[in-house]
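**Student:** Here you go, one structure.
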Amino acid sequence: MANQFKRPDSSTGQGLLWLFGAILVIQGFGSAITEAGWDTSFGVAGLMRAAHMPEWTALLVGFAGLALLGIAAHRHHTRRRADRHP
C-alpha cells in the first residue's frame, strides 16, 4: 500500500481568512462611507480618529480586507483544482 501525501487540514485557517477579510472590508469601507455621508465615526474610523490618523486610513483597512478575501479565494480555488486533479 503506497503512502499518499496528505495535506494538513487548513479549513480553520481558511475560514479565518474569509472571516477577517469580511470584517475588515465591512469595518474599513463602512466606516469611511459613514464618516463621509453622516459625518460620524464608528468602529475602525473612530479608533483611527482618536489616534489622529488621516481619514483615508479607514479605506486602507477596507483594501486590506479585500486583499485577505482575494488570498482566501485564491487558496480555495487552488485547493479545489488540486483535489480534482491528483
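The values are calculated or read from the model by the stated rules, or taken from the named source; none is laboratory data. Just so it is clear, the model here is predicted, and its values are computed rather than measured. Ligands, DNA and RNA are excluded from the accessible area calculation, which covers all protein heavy atoms including side chains. Shrake-Rupley method; radii C 1.70, N 1.55, O 1.52, S 1.80 Å.
**Student:** Angle check, please: helix 11-38 long axis (alpha carbons) against the longest principal axis of the chain (alpha carbons), in degrees 0 to 90, nearest 10.
**Tutor:** Relative to the chain, helix 11-38 is tipped by roughly 20 degrees.
**Student:** While we're here: Leaving out ligands and nucleic acids, and using a 1.4 Å probe, what accessible area per residue does the chain come to in Å²?
**Tutor:** 76
**Student:** Same structure, new question: With each run of n ≥ 4 DSSP H residues scored as -39500 (n - 2.57), what mean residue ellipticity at 222 nm is computed for the chain after dividing by its residue count and rounding to the nearest 500 deg cm²/dmol?
**Tutor:** Working: 3 runs with 64 residues, N = 86.
Rounded to the nearest 500, the figure is -26000 deg cm²/dmol.
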